[in-house]
Amino acid sequence: MTELSQKANEIVAHTRRLLTTGGYKSFSYADIAEVVQIRKASIHHHFPGKADLVRTVVAQYCEEARAGMSALDRQLNDPLAELKAYIGYWSQCIKDGSSSFCICVMLAVELPTLPAEVAAEVSRHFHDLSNWLTSLLEKGQSEGTFQLQETPAVEAKALMATVHGAMLAARAFDNADMFQQIIEPVFNRLIAENSP
């Protein structure tokens with residue numbers, strides 16, 4: 001991604017918070033201008049339209065997610081440990097309030113009405129995450145760490161849906177612990193009996 005100015009980064013950071021809490025239609029440039037203390041016209045200088053801004057935010061988010069997955073692969077190189085770290089990341093984010101929801105999940109709800117360039121970034125995130133989880137499950141299955149009832153690709157999508165559904169449940173019930181309560185039995189089902 002191209003380097004953003006300090007003010008553009010402030011706009012992106014605030015937009016990310018707005019997307020996490022309310023999605024694409026929940027805000028306007030006027031909302032951002034007030035918080036970032038900038039005129040709406042100045043936001044248009046950095047991001048000509050809302051779709052440009054949100055595409056930038058989502059692309060940055062996706063880049064961070066890919067970097068995180070790669071870092072887990074490099075640092076841990078253990079499918080079970082990587083899956084625990086992925087789930088642990090979201091559990092901690094939900095508990096401490098740093099990121100209670102994946103912005104791509106929030107935007108996926110609006111996918112049919114999103115601008116094409118934003119929708120493409122959102123879809124790319126789900127493909128990246130699904131591919132990464134599939135590779136973890138494939139590797140873990142071949143090592144005897146995971147016992148799968150379906151193909152790794154199907155199990156990966158089911159796990160991804162469970163993680164995202166658990167985020168939603170934690171938010172709906174205003175109970176951060178609910179995330180872990182929902183994930184744990186699904187995660188435990190994946191682990192082979194002879195696994196350490």
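The values are calculated or read from the model by the stated rules, or taken from the named source; none is laboratory data. Owing to the predicted nature of the structure, the values given are computational and were not obtained by experimental measurement. For neighbour counting, all protein chains shown are included, and Cβ atoms are generated from backbone atoms with ideal geometry for every residue, glycine included. Just so you know, the surface numbers come from the protein's heavy atoms only, side chains and all, with ligands and any DNA or RNA stripped out. Shrake-Rupley method; radii C 1.70, N 1.55, O 1.52, S 1.80 Å.
Things worth noting here:
- Subset of the range 126-147 [among the aromatic types (Phe, Trp, Tyr) and either open to solvent by 60 Å² or more (accessible area, probe 1.4 Å) or not in a helix (DSSP H, G or I) (or both)]: Phe146
- For Ser123, the conditions (1) without any contact (Cβ under 8 Å) to a residue 40 or more places away in the chain; (2) surrounded by fewer than 18 Cβ atoms within 10 Å (Cβ to Cβ); (3) more than 22 Å from Phe47 (Cβ to Cβ) are fulfilled apart from (3).
- Within this structure, Val154 fails the test of being of a type in the set (A, V, I, L, M, F, W, C), in a helix (DSSP H, G or I) and touching a residue at least 60 places away in the same chain (Cβ under 8 Å).
- Some residue of the range 72-85 being open to solvent by 50 Å² or more (accessible area, probe 1.4 Å), modelled with pLDDT of 95 or more and aliphatic (A, V, I, L, M): yes
- For the range 94-108, a tally of residues being touching a helix residue (DSSP H, G or I) at 6+ places or on another chain (Cβ under 9 Å) and part of a helix (DSSP H, G or I) returns 8.
- Within the range 86-108, considering residues that are open to solvent by 20 Å² or more (accessible area, probe 1.4 Å) and small (Gly, Ala, Ser), the one modelled with the lowest pLDDT: Ser100
- Meets criteria (closer than 19 Å to Leu72 by Cα and touching a residue at least 12 places away in the same chain (Cβ under 8 Å)) for Lys139: yes
- Within the range 14-28, the set of residues being in contact (Cβ under 8 Å) with a residue 24 or more places away in the chain and either open to solvent by 10 Å² or more (accessible area, probe 1.4 Å) or part of a loop (DSSP other than H, G, I, E, B) (or both) comprises Arg16, Thr20, Thr21, Gly22, Gly23, Tyr24, Lys25.
- Checked across the range 6-13, the condition of being open to solvent by less than 60 Å² (accessible area, probe 1.4 Å) and not aliphatic (A, V, I, L, M) holds for no residue.
- Of Glu117, Glu150, all but one fail to be at pLDDT 95 or above and within 29 Å of Arg16 (Cα to Cα); the exception is Glu117.
- Selection from the range 29-65 of residues that are polar (S, T, N, Q), more than 25 Å from Arg124 (Cβ to Cβ) and surrounded by 13 or more Cβ atoms within 10 Å (Cβ to Cβ): Ser42
- Filter result for Asn188 (outside any helix (DSSP H, G or I), of a type outside the set (Gly, Ala, Ser) and free of Cβ contacts under 8 Å to residues at least 12 places away in the same chain): no
- Hits in the range 153-196 - residues which are under 16 Å from Ala85 (Cβ atoms) and either out of contact with any helix residue (DSSP H, G or I) (no Cβ under 9 Å at 6 or more places or on another chain) or acidic (Asp, Glu) (or both): Glu184
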